[in-house]
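Report on one structure; see the data block that follows.
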Amino acid sequence: MLTIAFKDIKIFFSDRRGLLMAFVVPIALITLFAFAFGGAGRGDEKPEPRQLVIADLDQSNESKMLISSLDSLEEFVVKTTTADSATELVLKGKRAAVLLIHQGFGDSVNKQGTPVLEIRSDEGEGPEVAILTGALFGRLNEYVGRMKMGTLYKRSGDPPPQGILYNPQPAPNLELKQTSVIKQKENSAGLVHAVAGTAIMMLLFSVTAMGMGMLDEKAEGTLKKLIVSPINPSSILFGKMISVNIISMMQLAVMFIFGWLVFGLDVPSHVPALLIMIFCTAYSCSSFGVFLVSFAKSRAQVQGMSTLVIMTMSALGGSMVPSFIMPAFMQKLGVITVNYWGVQGFYDIFWRDLPLTDPTFLTRVLVLICIGTGLNLIAVRLFKRNVLALA
Amino acid sequence: MITVTDLKKSYGTTVALKGISFTIHPGEFYGLLGPNGAGKSTTIGIMSTLVDPDTGTVTIDGNDLKKNPKQCKQVIGVVPQEIALYNDLSAVDNLLFWGSLYGVSKSDLQIRIEETLKLFGLFDRRNDKVKTYSGGMKRRINIASALLHKPKILFMDEPTVGIDPQSRNLIFEVVEKLHKEGMTIVYTTHYMEEAERFCDRIGIIDNGTIIAQGTLEELKQQGGEKESLVITGKGITEEIVSKLKSAGYTLTMSEGELTFLSANLKTEMPKMIVACNDAGIEIEHIDIRRVNLETVFLSLTGKQLRD
């Protein structure tokens, strides 16, 4: 097995075009994406319903009425939870922002005061937070305004005037406080995305190309010679997997070192977690590459298919652009991609500063390992049927 | 050393082997001779564990191939028809890799690689990448890579296809040397000269069946000791061939040539020439070929080896 692995590594480094594809092209793309996404913001609206998490600390009729009103809108899907859980969702990267209705909200409405609502957000998700806040502020102002007017007329005994819902006056009906629970720092979210997203996408291309080496061996006859040698046929595949894994890990490591040296990504503070995530991502991506190749009987069969599959996975999984830009159903589909778990894992390390033992980080590690192992198991069966079937 | 019993193999509806059997003795040089598609490579493929037979058994060095494939693989060396090397590695790296798969220690391997490279006249180019080699040089390394673990049996599947005369001669010298040293060699070819030159025994295979086997002399006898008269000329048609056949001649037509077959060519040759003239053939060239594997094959199958 190791003999096969070392042979493959030697061949890999002797192929200048392969090295160019594996290292230089991704570096060029990282540079491009880093400039494109690093710190850039967006304000465009999304027609898809947004998941809105609300923590109701007031539990008054008014706060419940507000939640019910927001929930009745097509643009939001509301879920309520505690303040701690809501904050946790932001800290773990599961939500870009959450809304907190603080104690005293109902009293403030009834007394015609200025109730304070709070949006807790991840500063790294700036564009998504801005879109959510923009959509939310108008609605909150409208509903709080209505409630205040209702209280006023109820007190005076007169019915509220028809057609007037709220007064769009410059002075707002409420104060919307914004608190960042994850603040901007040296590792900008855009930079993390540029490095991790691009590195994973390019890694998928290069592992598929490396996997295709097996089909070349079949076409050139070396696979026949390997089969007639006394080694176990499974060792041929496992040897190939080892070499692809080692090269993948090296490739990812080079990408992050480049991100550190050129763009200041804080690699030195996260070495253990980074090594774990590099290992898991490389394992998962390598397995995907071998899996894709094991489907085919010739290089030509893989070439067209791989480009399409990898580009789709990269788009869905958030390698190319942050996933919140995409429609909700595509965001959900992204969860089945290697890219999603890898990118989120690197976010956990560099942006969210999650410790190694954090369940969210460990879950991503576990999912990547499971994806890799599952794909490997299928690949072994397919490989025996498609690639080893020389007769 | 090798016993093949009733091997059958089909690829879909195409029957490649129809139940062939033969025995190869230790130290023997056994040739499998037949035209393209006759079943030679399938037979070698099965004996070298590359292809699973539908039915039948193969015993190699006392081990059943199906039950003990690893033991069988350890004693065989395989030279495939295609040049199966890593072009981006040097000759030494290729040989180190292929040799190590057979569990040869690195120190032994280095000695053997040096010996083998010298034997094949490639020692000076040992560190060059294989992709810089000529076709003949690649063929030589291809053979060398099958010898490093000192196999008892060497399977060679058309090892001289498409190479220059210098490399061909060098390969012949090595093959003869290995045979003299006692290695059992199974050699497939469609070049009758190679089979005649090297083989102790030859199996003639056609349409998945061994139609004759034995020493060269035995095969000549089985073929009726027939010589051939090859006539090249203008106006050779299928119609003329049919007419000549109905006149009682044994002959085939291939690429503007008529090949008559006769056990008594000296007597019948003038009549054959006259018959050709009468049929309207403009004779340009006449060649008499003594009894050889080509005429044996022609006599047994009615076809030429190159067909």
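We did not get these values from a lab; they are worked out from the coordinates using the rules stated. Everything quoted here is computed from the prediction, not taken from an experiment. Heads up, the Cβs are rebuilt from the backbone with ideal geometry, glycines too, and the neighbour counts pull from every protein chain shown.
A few notes on this one:
- Residue-by-residue Karplus 3J(HN,Hα) for region A:329-346, coefficients 6.51, -1.76, 1.60, Hz, glycine and proline x: 5, 6, 4, 5, 4, x, 5, 8, 9, 5, 4, 4, 5, x, 4, 5, x, 6
- With a simple spin-label model that places each label point 7 Å from the Cα along the Cα-to-Cβ direction, the separation between B:GLN221 and A:MET330 comes to 8.2 nm.
- Neighbour-limited loop hits for trypsin sites (Lys or Arg not before Pro), region A:175-267 (at most 16 other Cβ within 10 Å; DSSP other than H, G, I, E, B): A:LYS183, A:LYS185
- In nm, spacing of pseudo-spin labels at B:LYS70 and B:LYS245 (7 Å Cα→C-beta vector): 5.5
- Efficiency of FRET between B:LYS18 and B:GLU282 - r from beta-carbon atoms, R0 51 angstrom, step 0.05: 0.75
- Inter-site label distance for B:SER10 and A:LEU275 at 7 Å from Cα along Cβ, in nm: 5.9
- Loop-resident sites, region B:133-183, for GluC sites (Glu not before Pro), counting at most 13 other Cβ within 10 Å (DSSP): B:GLU181
- FRET efficiency for the pair B:SER134 and B:GLU173, taken as 1/(1 + (r/R0)^6) with r the Cβ-Cβ distance and R0 = 25 Å, rounds to 0.90.
- Length available on full extension from B:VAL274 to B:LYS152: 0.36 nm per residue minus the Cα-Cα distance, which gives 38.4 nm.
- Look at the stretch B:42-54: the mean tally of other chain Cβ atoms within 10 Å of its residues' Cβ atoms is 2.
- Counting neighbouring beta carbons within 10 Å and listing from fewest to most, the residues A:MET201, A:MET241 come out as A:MET201, A:MET241.
- Antiparallel bridges, percent of DSSP beta bridges restricted to the protein assembly as shown (to nearest 5): 55
- By the count of other C-beta atoms within 10 Å, a proxy for reagent exposure, B:HIS149, A:HIS193, B:HIS285, B:HIS179 are ordered fewest to most as B:HIS285, B:HIS179, B:HIS149, A:HIS193.
- FRET efficiency estimate (nearest 0.05) - Cβ-Cβ, A:VAL321 to A:THR357, R0 35 angstrom: 0.65
- Qualifying trypsin sites (Lys or Arg not before Pro) in region B:231-307, DSSP loop, other Cβ atoms within 10 Å at most 15: B:ARG290, B:LYS303, B:ARG306
- Degrees separating the helix B:106-119 axis from the principal Cα axis of chain B, which is the longest one: 30
- Degrees, to the nearest 10: B:91-100 long Cα axis against longest axis of chain B: 80
- Cβ-based net charge around B:GLN74, under 11 Å, with every Lys or Arg adding one and every Asp or Glu removing one: +3
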